[in-house]
Amino acid sequence: MEAIERFHVCIFKKDGQLLGHKLAFDSAFEKSIEEQQAKDSEEKSVNDNKYKEVFELFCNSMMGYIDILPFISAVTPSITKEIQLDNITKFLRENSNGSIEEESRIIFDVGIEHYGSFLNIQSVAQTSYEVGRQIPKMLMIGIVSSYEHHISLLIRQILKSNPQRLENSEKTMTVKEVFEAGDLDSFKEVILDKEIDSVMRLSFEEQVTFLEKLMGSKRQIKDGYKDWPILVEIFERRNLFTHTNGVVSQRYIDKAEQVGFSDKNKISKGKELFAGPNYFKKSLERISEFGLKIIQVSWRKMLESEGKIADKALTDFGFELIERGKYSLAIKVYEFYFELRSDERDELHRRMSVVNLSNAYKLSGDSKASEETLNGEDWSAVSDSFNISIAAVKGDVERVIELMKKTGKDCEIGENAYEEWPVFFHVRDHDNFAPAFESVFGRKFTPKAKERRGTFNLLKERLKDEADSSKPLAGKPVASGLAVDKDIRVRSPRRPRKLDA
């Protein structure tokens, strides 16, 4: 297969404003963003897959949250408090008659004429501190709302593709609503909207039960999810954040006793709960994990023929998590992939996933699980692409170098893989690796960052550029504008389907 030497990116603009971008391996772009969007929409309709769309929308949303929200949740309260303490200290230093500074404290002597001004500064500080503590609560409300939005999209798709499941609906309509519907299709949409609206008003547990019945599932989802009590607590705490600002209610206590998600001796009615950094991060991961699982299960249940498509969408997300350094969630994604039953699973794709799961274990610090995962497979008849990656995960740099020299410039994985693929993180810093690469490919070895740039890193870099007057930005921020096909967005462009893809 001929190696791809370059790719093209078109940035669309209008009146000097940057509107969006499109990536491709050729330069055949449309003349305007409107024409490109119309073309993309037409191509999408040909291969329309609503379940895949819902899954990818959910994964993209959660990935954005995972990239930036834990940082905001962790630093906002402390930054707010530190800034206000700095302001108070500055005021006191400028207006005091003197101070006594000791190792653990400073006592200022301030004239009474500054009392009113100090109270104003203190009031602002207290308000800012309280806002800082509330921001993580608001973020938690938003994350759960996003989950519920995507679940509503999933339910809508199941009902639209299986209208007979609406036959038992007990929703009523007024005569006015019937006449306003106009035609039969509009009437069906009104009924569908009412059904979904009523479901989304149910509790988290009731929504899951509704989905189980909708899919005709004989097994309760909670029976196969070991963190079910913890997940229920997250939704119950969200309810507290929404309705009582986090103050524990009797309902929360009753639910804790019923499901067993908390030690009843540690909670009491009237106590205010928060979303600290550790709680926030783990909750975000659990919501992401459960959401992708329930969408995947529903997708496979409703369209059994799309197991391979669902497999690829799932493992694509797992690999992207590895790229971004989110190893614990990546492990859960790949473990879930192997838990799923599939009679038509692609063997090459399955082996690729074994290597990626082993690598996720290794990168997370669990070398034993990584080794056991690899040893559980028979690798005796695999290609050099697999052998190189297996040796890399094991940290066998000499074997990797040996195979790199053997396959040379015509290696199936492509030379960029050695610089980009996460499996090579374990060997590429070895003293012998870069010289071997340069001797084979005739150019300098330039490894990419181990954690691919996420939303937060991009924002931080842009803020830095804006603060640097010597580096003017070209126009306004670029909107995402156009979707990029994941099959085009490859890391090593020799072939779209590679071991780590």
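The values are calculated or read from the model by the stated rules, or taken from the named source; none is laboratory data. In this text, all values refer to a predicted model and were calculated from it rather than measured experimentally. All Cβ positions, glycine included, derive from the backbone under ideal geometry; neighbour counts span all protein chains shown. When the accessible area is computed, the model is the full protein with side chains, heavy atoms only, and any ligands, DNA or RNA have been set aside. Shrake-Rupley method; radii C 1.70, N 1.55, O 1.52, S 1.80 Å.
When the residues of region 251-278 are narrowed to those that are of a type in the set (S, T, N, Q) and open to solvent by 80 Å² or more (accessible area, probe 1.4 Å), which ends up modelled with the lowest pLDDT?
Of all residues in region 251-278, those of a type in the set (S, T, N, Q) come to 258, 262, 265, 268, 278.
If we keep only those that are open to solvent by 80 Å² or more (accessible area, probe 1.4 Å) too, we end up with 258, 265, 278.
Values: GLN258: 91, ASN265: 67, ASN278: 92.
Only one residue tops the list, namely ASN265.
Select from region 99-147 the residues that are assigned to a strand (DSSP E or B) and open to solvent by 80 Å² or more (accessible area, probe 1.4 Å) and list them in ascending order.
The answer is ILE100, GLU101, ASP109.
Against the conditions (1) open to solvent by 50 Å² or more (accessible area, probe 1.4 Å); (2) among the small types (Gly, Ala, Ser); (3) outside any helix (DSSP H, G or I), where does SER305 fall short? Just the number, please.
(3) is the only condition that SER305 fails.
From (1) under 30 Å from LEU303 (Cβ atoms); (2) open to solvent by 30 Å² or more (accessible area, probe 1.4 Å), pick out the condition that doesn't hold for LYS281.
(1)
Would you mind listing the helices (runs of 4 or more DSSP H) fully within region 183-281 where at least 1 residues are closer than 18 Å to MET140 by Cα and in contact with a strand residue (DSSP E or B) (Cβ under 8 Å, 6 or more places away or on another chain)? Steps first, answer last, please.
On the way: elements: 184-200, 204-215, 228-243, 250-259.
Result: 228-243.
Report every pair of residues separated by at least 6 positions or lying on different chains whose Cβ atoms are under 6 Å apart, first residue within region 376-392 and closer than 19 Å to GLU419 by Cβ, second modelled with pLDDT under 90 and charged (D, E, K, R).
SER385/GLU412
Mind counting the residues in region 237-264 that are under 25 Å from the mean Cα position of the chain (by Cα) and touching a residue at least 40 places away in the same chain (Cβ under 8 Å)?
Residues meeting the conditions: 4.
Taking GLU53 as the residue in question, decide whether it is modelled with pLDDT of 90 or more, charged (D, E, K, R), within 30 Å of GLU306 (Cα to Cα) and surrounded by fewer than 18 Cβ atoms within 10 Å (Cβ to Cβ). Explain how you work it out, then say what you get.
Details: modelled with pLDDT of 90 or more: yes; charged (D, E, K, R): yes; within 30 Å of GLU306 (Cα to Cα): yes; surrounded by fewer than 18 Cβ atoms within 10 Å (Cβ to Cβ): yes.
It is true that GLU53 is modelled with pLDDT of 90 or more, charged (D, E, K, R), within 30 Å of GLU306 (Cα to Cα) and surrounded by fewer than 18 Cβ atoms within 10 Å (Cβ to Cβ).
Collect the residues in region 5-33 that are touching a Pro at 6+ places or on another chain (Cβ under 9 Å) and farther than 24 Å from ASN416 by Cα, keeping them in residue-number order.
The one that is touching a Pro at 6+ places or on another chain (Cβ under 9 Å) and farther than 24 Å from ASN416 by Cα: LEU18.
List pairs: first residue in region 326-349 and open to solvent by 50 Å² or more (accessible area, probe 1.4 Å), second residue of a type in the set (Ser, Thr, Tyr) and modelled with pLDDT under 95 anywhere in the structure, Cβ distance under 9 angstrom, at least six positions apart or on different chains.
Pairs that qualify, where the first residue is open to solvent by 50 Å² or more (accessible area, probe 1.4 Å) and the partner is of a type in the set (Ser, Thr, Tyr) and modelled with pLDDT under 95, are GLU344/SER305.
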